[in-house]
2 protein chains.
Amino acid sequence: MTPHSPIDFRTEPSRYRHWRIEPDGEVAYLVMDVRPDGGLSDAYELKLNSYDLAVDIELNDAVQRLRFEHPQVRTVVIKSGKDNVFCAGANIRMLGKATHGHKVNFCKFTNETRLAIEDACTNSKQTYLAAVNGSCAGGGYELALAADHIMLVDDRRSTVSLPETPLLAVLPGTGGLTRVTDKRKVRRDLADVFCSVEEGVRGQKAVDWRLVDEVVPKSKWDDAVSVRAHALAARSDRPADAKGVTLGSLERRIEADAIIYPHVRVELARDRGLATVTVQAPAGPPPVSLEAAHALGAAFWPLAVAREFEDALLHLRFNEPLLGLIVLRTEGDPQRVIDHDGFLVRHGDDWLMREIRHYVKRVLKRLDVTSRSLIATIEPGSCFAGTLAELAFAADRSVMLIGSRDGDNQPPAALVLGEANFGLYPMGNGLTRLETRFLGEPDSVERARSQIGTPLEAEDAAALGLITQACESFDWDDELRVTFEARTSFSPDALTGMEANLRFAGPETMETKIFGRLTAWQNWIFQRPNSVGAHGALKLYGSGIKPTFDQERI
Amino acid sequence: MTPHSPIDFRTEPSRYRHWRIEPDGEVAYLVMDVRPDGGLSDAYELKLNSYDLAVDIELNDAVQRLRFEHPQVRTVVIKSGKDNVFCAGANIRMLGKATHGHKVNFCKFTNETRLAIEDACTNSKQTYLAAVNGSCAGGGYELALAADHIMLVDDRRSTVSLPETPLLAVLPGTGGLTRVTDKRKVRRDLADVFCSVEEGVRGQKAVDWRLVDEVVPKSKWDDAVSVRAHALAARSDRPADAKGVTLGSLERRIEADAIIYPHVRVELARDRGLATVTVQAPAGPPPVSLEAAHALGAAFWPLAVAREFEDALLHLRFNEPLLGLIVLRTEGDPQRVIDHDGFLVRHGDDWLMREIRHYVKRVLKRLDVTSRSLIATIEPGSCFAGTLAELAFAADRSVMLIGSRDGDNQPPAALVLGEANFGLYPMGNGLTRLETRFLGEPDSVERARSQIGTPLEAEDAAALGLITQACESFDWDDELRVTFEARTSFSPDALTGMEANLRFAGPETMETKIFGRLTAWQNWIFQRPNSVGAHGALKLYGSGIKPTFDQERI
């Protein structure tokens, strides 16, 4: 199932095969019209607006561009371009053929896109409306659940359903179960009934059960959707007359052992099972004005570096599954990072700066849920400052070199805290990375805050609890070698489970519940013979043969 | 691994082989001294105070008896009866040989016992002190983590460690990871280091990292433990001169297709894959006085029925894994249940009534995390009232018969709400079952509260949202048959995952994180070849052969 050519997350509307963005003033229609032969593999057909990763890559791109390229769009209406079907969910043949790893990573990416839709509603005042014009099943309804408002045609055909349990012996695991109980707040026993009936629920009952927000007769549908879309738009503060920023195609060179972007470099040490990702500080000072920043557009450093880092991360997830350890490095002038952060904060009211801030936040969240060990190495010449210091706080561990290296004229490494570390980029659990880190000693957050702007060398950073370990230069190489070797000698599965728990101390939110609880159960089920075995439901779907289940309850 | 004779959860101190309760006034020592040949199976030896389910069954019993039989005990000191080792954790050979189902259920039961220890600290003012006199590894440290206070001998040998990831390729999944981050609030990167080093942490570093509360030199150990135990005791409100209630041996008859207790009857319909559990209302009115209730002791209905129901549930979990559906029924006079509830509430300040209330709460929580489908059927002659109505609210669904049956002179079924449903028995998520049910419509909780004491027939109960479905008597048999058949036709794994998510809407707590997040990841890892495959770490442990891991990161 994993194709031989790398999966590429870079796309743009002119290349879309499954979606159309149709802007109409303050409303945009995002039309799902999946090409059956446009999947990642020829082994299945994407019938009935079912989707695979290829479809979701475009959706992710569209959600992103709607925020940056269409500042005037206040409501996005997701609708189907096909008759009588909104979306049939993830393609079942694809799921049946996919490797476990692909399924898990596909679900994670899809979850992230749906959270990005919710983030657009909450933080960008770009509200999503799911206009469910036809049957809407499984992942299709999970997509609708990501919208702020769900409308359903009131006819005999248009239903919402989560038939995964009865049909496929898996879960509506891309957020479905959690959104039903925690977002829609459907009563748990009704949710149980709903998730047990293949045929789903339609009409007024779907409203009564809180599954959709309203049903509308077919005859009034287009008008009602338009009226609702404009009513939702009225809540928005997005600028009516701003010029969007085009997210030009991402410059990337893939070599045998490296992936090179303008500001991010990935070195692949396949023999050691690790990748080193080095992020570059801005090459110069921030723009002289907000106008200048807008003129830079996608070349403005925070936006550029976030796009590159995100692409690198997604590439590593899908195309380099054997590299279990990501070493996080930075290079450049810390002050330039701090200055760019200051620019973002100072112009926080500007729509574009707001978009960039929330985008950086989402990219950092992708790091939090990436199932690779993350170790930050902080050396002379690095710039773990402000936004880039979040990389060290997202890492499972950080090691910092004490003082300078012999014969090296660079000053000692210094970590620099900025405003960015105290609220700009909350994690999925709603806390900052420093708050999560210091759950047991909240005073340490305040102590750290009092050091904003001070270059903190290794021993000071260690004393403040900001790094895991300060390391003498004569120990550095050995220490890292031993640490990396130990890490990559452990079971990748045990590390995935361990990190998924240790990274999310403290409160849980709908978002962390989706990644931590629902995903884990789904991953478990995706391993079980009852779904993926030769007689399992996923394998036999569509064959006419009924699956045979081992009846043991675990 | 699953033995042929049923696993029996009934035990008592005179039959313990692994633990000793040594009461000493307000302090009791709970001494772990595992007999190597006393495991559930002869296939492994329980060396170095390692444990299997047999050891945990006794611990669970001891924790329970300390609350009921020893009201004067205010601090329980868990210590080892062996030299130089506190506890080596779950026995690895046992884990290596156990079926997936046994491992999962073993971990769940062990988790529940540890939560019962925490419940004793919080709600019974019986505080646990882990006196770690020797090495304390894996599940041993997880046990210590359940205590309110951890003391560690300050010598070279006494360490705490969670070596599961490096040694066994599994997680410290019996609450370990979650308690480290959420209870002890260990900094996440230090937790990462701690969980990666086989040898663990000792001495002052263990205090600095928040892994233990204090370290004490060996020479001062016994005194220091005693002083600390009495200091903790001083916080308690437990009565010094009350008489404990002996938990006499539980009357139970196991027949081919039934398990019969005085107040609980379990019918096993193996051909249909379901068990019907019928709970009887009290046979008479509540005791005339508090003294009379104390005199009744373990025969007092709420205590008696909770013990029987709990035993039935544990029996079904471990000994009847093929019965995927539990049908919950009640029989008797609802008023008697309500009257007993009233007695419990009225005498809520009494230590014994407090114990009973929290015990019933824990038994209901066992139901919440039991991975079987739960359907409550509410018929004429039933008594889903107050405490017993919680069974219906814990169920995934409830079906209630409308009116009377033809030719039956019993009055229509009625659900009766009582104070018990509004705070006596919070779920693991901290909410009542009604609050969880009505997360989306909090007004419905208040509407229900206004109906306290009113017998609610099916259509009224449905209108109040208290049941899933009201059913006409002529439809009843068919409706249930179809519902049960549909449920048991689904994949048991998908149902386990679905129910584990739908039952816990809303907030998460340390407790729900352990069952929902950590457990799910552990179950996943327990399925993976890297731990349980022929070349996996659990299988090869102790063989001298290094495991071979598939390096793919999922």
Within segment A:301-344, residues of a type in the set (Lys, Arg) and open to solvent by 10 Å² or more (accessible area, probe 1.4 Å) come out as A:307, A:329, A:336
### Message
Regarding segment A:435-443, can at least one residue be identified that is more than 14 Å from chain B (Cβ to nearest Cβ), open to solvent by 10 Å² or more (accessible area, probe 1.4 Å) and over 28 Å from residue A:182 (Cα atoms)?
### Response
no
Checked pairs for segment B:445-465, first free of Cβ contacts under 8 Å to residues at least 12 places away in the same chain, second exposed (fewer than 15 other Cβ atoms within 10 Å of the Cβ) and of a type outside the set (Lys, Arg), C-beta under 9 Å and 6 or more apart or across chains, list as B:460/B:454
In segment B:274-297, anything open to solvent by 20 Å² or more (accessible area, probe 1.4 Å), among the aliphatic types (A, V, I, L, M) and in a loop (DSSP other than H, G, I, E, B) is listed as B:283, B:288
With criteria (1) within 14 Å of chain B (Cβ to nearest Cβ); (2) assigned to a loop (DSSP other than H, G, I, E, B), residue A:271 comes up short on (2)
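Restricting to segment B:1-34, and then to whatever is among the acidic types (Asp, Glu) and farther than 22 Å from residue B:93 by Cβ, can you tell me which residue is most open to solvent (accessible area, probe 1.4 Å)?
If we take residues in segment B:1-34 being among the acidic types (Asp, Glu) and farther than 22 Å from residue B:93 by Cβ, then B:24 is most open to solvent (accessible area, probe 1.4 Å).
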Look at residue B:488 and say whether it is within 11 Å of chain A (Cβ to nearest Cβ), within 18 Å of residue A:180 (Cα to Cα), in contact (Cβ under 8 Å) with a residue 40 or more places away in the chain and hydroxyl-bearing (Ser, Thr, Tyr). no
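Report whether or not residue B:364 is outside any strand (DSSP E or B), among the hydrophobic types (A, V, I, L, M, F, W, C) and crowded, with 19+ Cβ neighbours inside 10 Å.
Details: outside any strand (DSSP E or B): yes; among the hydrophobic types (A, V, I, L, M, F, W, C): yes; crowded, with 19+ Cβ neighbours inside 10 Å: yes.
Spelling it out, residue B:364 is indeed outside any strand (DSSP E or B), among the hydrophobic types (A, V, I, L, M, F, W, C) and crowded, with 19+ Cβ neighbours inside 10 Å.
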Exactly one of B:376, B:420, B:414 is under 30 Å from residue B:246 (Cα atoms) and touching a helix residue (DSSP H, G or I) at 6+ places or on another chain (Cβ under 7 Å), and that residue is B:420
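Given B:442, B:507, which one is in contact (Cβ under 8 Å) with a residue 60 or more places away in the chain and farther than 19 Å from residue B:392 by Cβ? Outline the logic, then answer.
Values: B:442 fails: in contact (Cβ under 8 Å) with a residue 60 or more places away in the chain.
The match here is B:507.
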Flagged in segment A:518-554 as open to solvent by less than 10 Å² (accessible area, probe 1.4 Å) and not in a helix (DSSP H, G or I), in numbering order, are A:526, A:536, A:553, A:554
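Listed residues A:297, A:342, A:273; which is under 20 Å from residue A:453 (Cα atoms), out of contact with any Asp or Glu (no Cβ under 7 Å at 6 or more places or on another chain) and in contact (Cβ under 8 Å) with a residue 24 or more places away in the chain?
Values: A:297 fails: under 20 Å from residue A:453 (Cα atoms); A:273 fails: under 20 Å from residue A:453 (Cα atoms).
Matching residue, one of A:297, A:342, A:273: A:342.
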Scanning segment A:95-126 for residues that are more than 14 Å from chain B (Cβ to nearest Cβ), open to solvent by 10 Å² or more (accessible area, probe 1.4 Å) and outside any helix (DSSP H, G or I) gives A:125
Residue hits (segment B:497-517; surrounded by 24 or more Cβ atoms within 10 Å (Cβ to Cβ), closer than 25 Å to residue A:168 by Cα and either at the interface with chain A (Cβ under 7 Å from one of its Cβ atoms) or more than 18 Å from the chain's Cα centre (by Cα) (or both)) are B:497, B:498, B:500, B:501, B:503, B:505, B:516, B:517
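Report yes if residue B:131 is more than 30 Å from residue B:544 (Cβ to Cβ), of a type in the set (A, V, I, L, M, F, W, C) and either out of contact with any strand residue (DSSP E or B) (no Cβ under 6 Å at 6 or more places or on another chain) or open to solvent by 10 Å² or more (accessible area, probe 1.4 Å) (or both), otherwise no. Before the answer, list the steps.
On the way: more than 30 Å from residue B:544 (Cβ to Cβ): yes; of a type in the set (A, V, I, L, M, F, W, C): yes; either out of contact with any strand residue (DSSP E or B) (no Cβ under 6 Å at 6 or more places or on another chain) or open to solvent by 10 Å² or more (accessible area, probe 1.4 Å) (or both): no.
No; evaluated as a whole, the condition is false for this residue.
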Residues of segment A:385-415 being open to solvent by 10 Å² or more (accessible area, probe 1.4 Å) and more than 27 Å from the chain's Cα centre (by Cα), in sequence order, are A:402, A:403, A:404, A:405, A:406, A:407, A:408, A:409, A:410, A:411, A:412, A:414
Residue B:37 meets each of (1) assigned to a loop (DSSP other than H, G, I, E, B); (2) acidic (Asp, Glu); (3) surrounded by 20 or more Cβ atoms within 10 Å (Cβ to Cβ) with one exception, condition (3)
If we keep only residues of segment A:156-179 that are of a type in the set (Val, Ile, Thr) and in contact with a Phe, Trp or Tyr (Cβ under 7 Å, 6 or more places away or on another chain), then the residue farthest from residue B:488 (Cα to Cα) is A:160
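The values are calculated or read from the model by the stated rules, or taken from the named source; none is laboratory data. Everything numeric in this text was worked out from a predicted model, so none of it was measured. Quick reminder, even Gly has a Cβ in these numbers, built from the backbone with ideal geometry, and neighbours come from all protein chains shown. These accessible areas exclude ligands, DNA and RNA; they are computed on the full protein's heavy atoms, side chains included. Shrake-Rupley method; radii C 1.70, N 1.55, O 1.52, S 1.80 Å.
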